[in-house]
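S.K.: First the structure, then my questions, so here it is.
The values are calculated or read from the model by the stated rules, or taken from the named source; none is laboratory data. Because the structure is a prediction, the values reported are computed rather than measured. Ideal geometry is used to build each Cβ from the backbone, glycine not excepted, and the neighbour counts take in all protein chains shown. Please note that ligands, DNA and RNA were not included when accessible areas were found on the heavy atoms of the full protein model with its side chains. Shrake-Rupley method; radii C 1.70, N 1.55, O 1.52, S 1.80 Å.
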Amino acid sequence: MSIIFTAVCTAAALILVINGGFESTEYSKQEYTEKLFGKNVVNLDITADEDDWNYMVQNKISKPYISCDVEINGDKFEKVGIRPKGNSNLSSVLGQRISFRLDFDHYIKNQSCYGLEEFVLNNTHSDKTFMKDYIACSLMSYMELRRLFAVLQI
């Protein structure tokens, strides 16, 4: 299954590169391209009500949204929606080591994170080497596939 997914993603990336789908696009000019997907390490802090957080984690299968505040490299975003992300792997993840979806305009319409409305924080649960995302992101960055990179992170 993962071989098929990898092949489809590679084919899609090649088609877009051949067709010039990433040159001079609005996405390449977005602020999030450099601030979130640049070469610098991103410091991200999430603050939520403890009872809300525990409720979300205990009910992770139903993927409830709760409100949280997010600080990214010193920039604060208030009332951001956060929920568990995933499907079948949610039941196999123990404790709070789950993937999350951050939705910046869930509670405050048109709020964004440097122009990006939502993105995923992956837990790398199924990648024991911690290399899959790093290698994929590095390859896409090397190929200057910023738009596809941002879309895949969502």
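S.K.: Quick test for you: out of 140, 131, pick the one residue that is buried (at least 16 other Cβ atoms within 10 Å of the Cβ), aliphatic (A, V, I, L, M), modelled with pLDDT of 70 or more and over 13 Å from the mean Cα position of the chain (by Cα).
M.R.: None of the other options fit; the residue is 140.
S.K.: Pairs, please: C-beta under 6 Å, at least 6 apart or cross-chain, first residue closer than 18 Å to residue 58 by Cα and in segment 92-117, second part of a loop (DSSP other than H, G, I, E, B) and modelled with pLDDT under 95?
M.R.: Matching pairs, first to second residue: 93/125; 97/123; 98/123; 99/86; 99/122; 99/123.
S.K.: Still on this structure, I have one more. Can you tell me which condition residue 59 does not meet? The list is (1) open to solvent by less than 80 Å² (accessible area, probe 1.4 Å); (2) at pLDDT 95 or above, and all the others hold.
M.R.: Among (1) open to solvent by less than 80 Å² (accessible area, probe 1.4 Å); (2) at pLDDT 95 or above, residue 59 violates only (2).
S.K.: Also, quick follow-up: Out of the residues in segment 36-56 meeting the condition of being over 15 Å from the mean Cα position of the chain (by Cα) and in a helix (DSSP H, G or I), tell me which one is surrounded by the fewest Cβ atoms within 10 Å (Cβ to Cβ).
M.R.: 50
S.K.: List pairs: first residue in segment 50-69 and at positive phi, second residue part of a loop (DSSP other than H, G, I, E, B) anywhere in the structure, Cβ distance under 9 angstrom, at least six positions apart or on different chains.
M.R.: Within 9 Å, the pairs are 63/86.
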